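Nothing in this text is a laboratory measurement; each read-out follows from the coordinates by a stated rule. Bear in mind that the values here come from a model prediction, so they are computed numbers and not experimental data. Don't worry about glycine lacking a Cβ; one is built from the backbone with ideal geometry, like all the others, and counts go over all protein chains shown.
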Amino acid sequence: MDTNVQKRRENKKSLRIKVISLGNAEVGKSCIIKRYCEKRFVPKYLATIGIDYGVTKVQVRDREIKVNIFDMAGHPFFYEVRNEFYKDSQGVILVYDVGLRESFDALDSWLTEMKQEMGSQANMESIIFVVCANKVDLTKRRVVDESEGRLWAESRGFQYFETSAQSGEGISEMFQAFFSSITDMCENGGKRPNPEVSIGFTKEQADTIRRIRSSKDSWDMLGVKPGATREEVNKAYRKLAVLLHPDKCVAPGSEDAFKAVVNARTSLLKNIK
Ligand code: GTP
Ligand code: MG
């Protein structure tokens, strides 16, 4: 065979990518990577100092992928070291601890830091993000449930995984899906698929579920003023019911949100003449 043709085929088959891990200190970023690469778990906390770097090879379909993993330190102290390493990443593993709400709430600020550091040429559409809801083995201390985490991830077009670096749950599934999506993206000219098309629910549905979750009482949940009339309550209810009915809405948490809206309406109507 012509050596140039052979070389081109080999080039198509091998791929070199860069991935980074992001999330608050102590959520388990290094342990997730260690579980995947070394098949072991270290219970003692050894904070990453600035950044750890490793290389691994994986096979996706007919391609061999050389993966450069940059495992970031989550501690704010290491910001100056970290910020050099955001550029040219094809994949990001976003991690939070299901037992620490602040680590979940911090995901937005991690995305903000990343955008800032990548500068004006930042093209977040050319990066695959996966979200790890980690430490699911510690069920008793869990405070962020699956639908809340899934909604945050999927409404941004990110894949969501429940993981435990301790037991290994979800780890290889997460990495397989992650590397396979990165390969798809590279083969698709470096663009990830449009989330609106692939996730099957709208931003309005996701925002409404989040608003319902954080509402302070039944009036607030239905989005009416305290003292509203039966007609106003029913009108608000019908609008939400159409938006969130489980037959129509596949967004994570829609069923619970729908039930909460039904209960809020029932309790309000009981007290309105
Ligand atoms: P920084 O490097 O400081 O940003 O932290 P990190 O996110 O890399 O956390 P690391 O992987 O070092 O883990 C922090 C602590 O959580 C360690 O004591 C781990 O043993 C523990 N840990 C990590 N993942 C899990 C898990 O899935 N389950 C349990 N039970 N503990 C975990
Ligand atoms: Mg670490």
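Values computed for the structure shown
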quantity: Volume of the Cα convex hull of the stretch 105-160, divided per residue and given in Å³; calculated: 84
quantity: Top positive-direction residue, dipole computed over the chain with Cβ charges, set Ala228, Leu151, Phe201; calculated: Ala228
quantity: Residues Asp207 and Gln116, FRET efficiency given R0 of 22 Å [Cβ-Cβ distance, rounded to 0.05]; calculated: 0.35
quantity: Sequence ranges 25-34, 56-65, ranked by mean other-Cβ count within 10 angstrom, highest first; calculated: 25-34, 56-65
quantity: Net charge of Cβ neighbours under 12 Å - reference Met174; Lys, Arg +1; Asp, Glu -1; calculated: -2
quantity: Among beta bridges that DSSP assigns inside the chain, antiparallel share in %, nearest 5; calculated: 30
quantity: Reachable lysines from Lys239, criterion Cα separation under 27 angstrom, eight or more residues apart if same chain; calculated: Lys203, Lys216, Lys225, Lys248, Lys259, Lys270, Lys273
quantity: Charge context of Tyr79, other residues only, Cβ under 12 angstrom, K/R +1, D/E -1; calculated: -3
quantity: The chain - mean residue ellipticity at 222 nm from DSSP helices (-39,500 (n - 2.57) per run, n ≥ 4, rounded to 500); calculated: -13000 deg cm²/dmol
quantity: Estimated D of the stretch 76-181 in µm² per second, where Rh is the Kirkwood radius over Cα pairs and Stokes-Einstein applies at 25 °C, 0.890 mPa s; calculated: 169
quantity: When the stretch 134-273 is reduced to its Cα atoms, the Kirkwood hydrodynamic radius in Å; calculated: 17.3
quantity: The chain: mean projected area of Cα convex hull, nm²; calculated: 18.3
quantity: Spatial separation of Cα centroids for the stretch 40-118 and the stretch 136-202, in angstrom; calculated: 15
quantity: Nearest-20 debye value, the chain charge dipole, Cβ charges on Lys, Arg, Asp, Glu; calculated: 400
quantity: Counted charge near Phe129, where neighbours are those whose Cβ lies closer than 15 Å (Asp, Glu -1; Lys, Arg +1); calculated: +2
